[in-house]
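In what follows, a structure is listed as structure tokens, so that the remarks can point back to it.
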Amino acid sequence: MSSDGRVSVFLLLTCLCLSIFLATARTVPNLVSDGLHHQQYAEVGPPYLRLNTIPSLVSSNSTCEETYGFLPCTTTALGNLSLIIVYGYLMYLAATYLSNGSELLLEILGPGIVGGLFLPILGALPDAMLILVSGLSGTKKTAQSKVSVGMGLLAGSTVMLLTVIWGSCVIVGKCDLQGWVAVDGKDTKGFKLTESGVSTDIWTKYAAIIMVVSVIPFIVVQLPQALHSTSGRHLAVLIALIISLLLLISYCLYQVFQPWIQKRKIAYVKHKRIISGFLTHLKKRALGRLLTDDGSPNEVVIERLFHAIDVDQDNHLSAAELRAFVLGMQLEEMKLDEDDLVKKLIKDFDTHPDLQISLEEFKTGISRWLKDISGSGPKSGGVKADTMKYLNDVHEDSKREHDLLGAEDDEADDTGVENPKRTTIKAVLMLVLGTIIAAVFSDPLVDVVDNFSDATGIPSFFISFIALPLATNSSESVSAIIFSSRKKRKTASLTFCELYGAATMNNVLCLSVFLALVYVRGLTWDFSSEVLIILLVCIVMGALGSFSTGFPLWTSFIAFALYPISLVLVYVLDYVCGWS
């Protein structure tokens, strides 16, 4: 067994022994002998002195029900706290196994169905199970009481990811900002609020927008309360459930096809960049303007260029002649060499498959490229007045778009996986084990949170809001922070995409489970303050990612501030204003 495995087992056994000790401590009174052994109890009472203790801390007169009939339970605060630690650690193990198994499966099968459908669902599985069991068992009254644990987890998980973890990733991954773009690996500005931060690609922006859209079911289910209507609340839950399921299906489909969409868009932008780069290089060698005053291709100048490139004057451009002409182009920016560019030119211009370009093919190809550029370039009208400036502007625009798409990382690592059969078995075992642990210990964890709430008087919502996300999301959170510490745009983009994606799954999958639970069991939807903080955090943090791809350091303080604001807001609205 590895050292990490031995440490995990040791911690688990230690916590389990402690929990059993504290769980059984409720039956052992805190007694000290008074030295009187011969008096009758009826006359002087028991021969012990009872010490005063903090109420409900280590003793209680109430009883508890053992989950599954054999798992330990207690009514004391310390006993329940120890059980929360044990069961929380088990849920952490379940989340870790599911995460690691999913990643191994992704390495073998690649993106698409696995990466887009199964991975997001498996990542949210521990949260979904905890939410499900929070109101699944017991009477309707009991379920209504315990379901606040599920809402606390739903809200706490989303808020923690988008505030504490989001802000931590900005601080850990910060680099010097030039405009809104971070310079990879360069961190000389210290903690200057506007000159230091992180930047991401365009896909992170899309992920933030999708997350904002995913809050629609929260708005729908909250409409009757907002309108102060007592009727139609059950119908609102059903409508919100249907919308949430549709959003879940749509998001999974987007995740399935997103790699294909990304590759297609990157290929298009890369081709556009090649066109603008080649035409810019062509213009530098041309004796005249490539476009006439009316914006049409100047065939005389294009023909003159053809003959300048055609060294042997055979009226055909060979691969060698094209290679000689493109020497000097900055191809390394596009991750191309001369041979790659020549192949693309021949493929795009050569209408007769003879691996060379005739005069007519050259004129037709250049004219087509000029028209493509004039239709997709800056809308400044400069194409007629200054062809060179216009081409440079188009080239710079395509370069920025190429970078925003994260196209510098589109070359996948094709090294493969060693021993795929063994890796597949390992991945499946991890997924099965993680699922079993999550399924078995979700119910006990919800019970001990509820018991801890009874013992301490702290509302179960606040306990689950703070404690449970630490168990179900800690592995994902630590990985995100470590990943962002590499201080590269690629890793920052992946990190923030994952955070927005996890929040989206909470808003669609976990909410779908919660809404289904409320609807099927006929529970009352009374979570106005909780919905408000979810909407507040998702909209604010989603807006930061939707309107910009750069996050200066000051954005992290907004993120951090939203966490305590959320807790205070729920307390004030529920216990001061009487919303609940």
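Points to keep in mind about this one:
- Considering every alpha-carbon pair of segment 498-554, the percent of pairs per 10 Å bin, from zero through the bin containing the longest distance, is 18, 43, 25, 10, 3.
- The base-10 log of I(q)/I(0) for segment 146-247, evaluated at q = 0.15, 0.20, 0.22 Å⁻¹, reads -0.80, -1.06, -1.19 [Debye formula, identical scatterers on Cα atoms, solvent excluded].
- Candidate residues Leu345, Leu238: accessible-area rank, largest first, probe 1.4 Å: Leu238, Leu345
- The largest accessible area among His234, His281, His307, His352 belongs to the first residue in His352, His234, His307, His281, and the rest follow in falling order (1.4 Å probe, all chains).
- Computed over protein heavy atoms with a 1.4 Å probe, the carbon and sulfur contribution to the accessible area of segment 494-580 reaches 73%.
- Given charges at beta-carbon only (K, R positive; D, E negative), |dipole| of segment 480-580 in Debye: 680 debye
- Which listed pairs, of Lys205/Lys488; Lys283/Lys347; Lys192/Lys487; Lys284/Lys344; Lys343/Lys371, have C-alpha distances above 19 Å, in listed order: Lys283/Lys347; Lys284/Lys344; Lys343/Lys371
- Largest-first principal axis extents, alpha carbons of segment 440-508, Å: 48, 25, 23
- In this structure Ser229 has an accessible area near 40 Å², from a 1.4 Å probe over the protein heavy atoms.
- Sorted largest first by accessible area at a 1.4 angstrom probe radius, with every protein chain in place, the residues Phe462, Phe551, Phe560 fall in the order Phe560, Phe462, Phe551.
- At a probe radius of 1.4 angstrom, the accessible area of segment 99-236 per residue rounds to 41 square angstrom.
- Computed over segment 148-203, the percent of Cα pairs more than 16 Å apart is 52.
The values are calculated or read from the model by the stated rules, or taken from the named source; none is laboratory data. Since the model is a prediction, treat every value here as computed from it, not as a measurement. Backbone-built Cβ (ideal geometry, glycine too); neighbour counts: all protein chains shown. These accessible areas exclude ligands, DNA and RNA; they are computed on the full protein's heavy atoms, side chains included. Shrake-Rupley method; radii C 1.70, N 1.55, O 1.52, S 1.80 Å.
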